[in-house]
1. Spot the failing condition for residue 339; the list is (1) in contact (Cβ under 8 Å) with a residue 12 or more places away in the chain; (2) over 17 Å from the mean Cα position of the chain (by Cα); (3) more than 13 Å from ligand 2 (Cβ to nearest atom); (4) over 21 Å from residue 436 (Cβ atoms), and only one is missed.
2. What number of residues in segment 336-351 are surrounded by fewer than 24 Cβ atoms within 10 Å (Cβ to Cβ) and more than 10 Å from ligand 3 (Cβ to nearest atom)?
3. Residue 318 versus (1) more than 21 Å from the chain's Cα centre (by Cα); (2) more than 16 Å from ligand 2 (Cβ to nearest atom); (3) in contact (Cβ under 8 Å) with a residue 60 or more places away in the chain: which is the lone unmet condition?
4. Using the structure shown, decide if residue 93 is in a strand (DSSP E or B) and either surrounded by 19 or more Cβ atoms within 10 Å (Cβ to Cβ) or touching a residue at least 12 places away in the same chain (Cβ under 8 Å) (or both).
5. All but one of (1) more than 23 Å from residue 474 (Cα to Cα); (2) more than 20 Å from the chain's Cα centre (by Cα) hold for residue 242; which doesn't?
6. Pick from segment 280-293 the residues that are surrounded by fewer than 24 Cβ atoms within 10 Å (Cβ to Cβ) and within 13 Å of ligand 2 (Cβ to nearest atom): which of them is nearest to residue 190 (Cα to Cα)?
7. Quick one: is residue 222 touching a helix residue (DSSP H, G or I) at 6+ places or on another chain (Cβ under 7 Å) and within 25 Å of residue 326 (Cβ to Cβ)?
8. Restricting segment 171-192 to residues that are touching a residue at least 40 places away in the same chain (Cβ under 8 Å) and part of a loop (DSSP other than H, G, I, E, B), which is nearest to residue 127 (Cα to Cα)?
Ligand code: BES
Ligand code: MN
Ligand code: ZN
């Protein structure tokens, strides 16, 4: 879809459909008011007859409105003005986009940027990302693509005020939506297609497109580096593991990079500690952390952010087999610390700990890892917030703010030393599980043992990276959060 910014008056805008908001009960927004005046009270007349109240999520399509240049007018309900917030704004864009799908309009113009409590730039950015979201469809694995009406090709976003700021917000929205789509596509692919080798190939493609540095490490290089924890996870699988490294240089090479590390388990069966069968298919999403850091570096490169960024993705399968790692096995991580693998299903932390040690070689400014790490995080925070852990409260604050701004929220969880006791092992330096209590916290505490040499944050996205049930699919989270964080960092002195 093509986006553009305009500041024409609504009644003068030529378009397949123009979209204006109506608050409950039947209160016209400024743009709707202009249309009403130009049409000789046509719109208020319809509202008075009771065809629309303005309730959130409702829409009403009007044809041949007199005195108006556009072919159609779509009224979109915004709910009660006093209750209008970020979510209702985004929902209104979704409602409008869904209603447009059922019309013949090939292009449309949104007049929604001047409503709500956020500024015009926020509204423009989120109109773009919400519009892209509602157009998303994953049908690559169907033998015939589903029959769809001709989709909307052009969306004009109306914004009064500084056109350059509006333009920038739109471009950022397009870049972030592109990263989200990239992450969703990788997440939705099945495990037999999206293998570690495939992930690495996609990363190399990305590197070519955006002129990034890329390096793909294979098993023998992992051995040479002493990545015994990572290698213990891949042992049971016939798929070859990969460690993917992408580097984006957006500023002086002397500036320390932000390193993003993403869990890339392309299928998590649990290994010898095999998972129960129900919904095991969803463990193809266990590489969503990886997909999100690749998506974020893509968006950052697209925006040409003045930052240096490194993406590191340890990737393998977690499978049972005769030579798989067994409960009780003890492995030596790249850091030299030994780990007793009490449960082979706690594999994410094993691949991440070696990737986090490897990250030191980039002398990072900050390291952020993203992982579908624990079912316990889903129990704690559900599908709304990602779990956020950090050894630096300032960094945690920045990420919390980025989450709030992008409506891709995270919640700051404790990383106190008091929890470390749960990881004690009788035989090795640590165990890879900490028991049932605070499972998401002890997973983060495990990672913290490998991140002492730099500023670090961890996002547990087990509940937020994908949806189950009827809406099963990857969400692309936390690409919006990461991008907002990177945008803010790139403008910081
Ligand atoms: N990939 C899973 C975590 C997960 C669970 C992600 C549900 C998404 C939805 C992870 O590797 C795992 O299996 N974790 C175990 C850890 C336990 C053995 C300590 C878990 O959460 O049960
Ligand atoms: Mn697991
Ligand atoms: Zn896993």
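1. (4)
2. Number of matching residues: 6.
3. (2)
4. So residue 93 does not fit the description; no.
5. (1)
6. Filtering segment 280-293 for residues that are surrounded by fewer than 24 Cβ atoms within 10 Å (Cβ to Cβ) and within 13 Å of ligand 2 (Cβ to nearest atom), the one nearest to residue 190 (Cα to Cα) comes out as 284.
7. Taking the combined requirement at face value, the residue satisfies it.
8. By that ranking, first place goes to 189.
The values are calculated or read from the model by the stated rules, or taken from the named source; none is laboratory data. It should be emphasised that the depicted structure is a prediction, and the values quoted were computed from it without experimental measurement. Don't worry about glycine lacking a Cβ; one is built from the backbone with ideal geometry, like all the others, and counts go over all protein chains shown.
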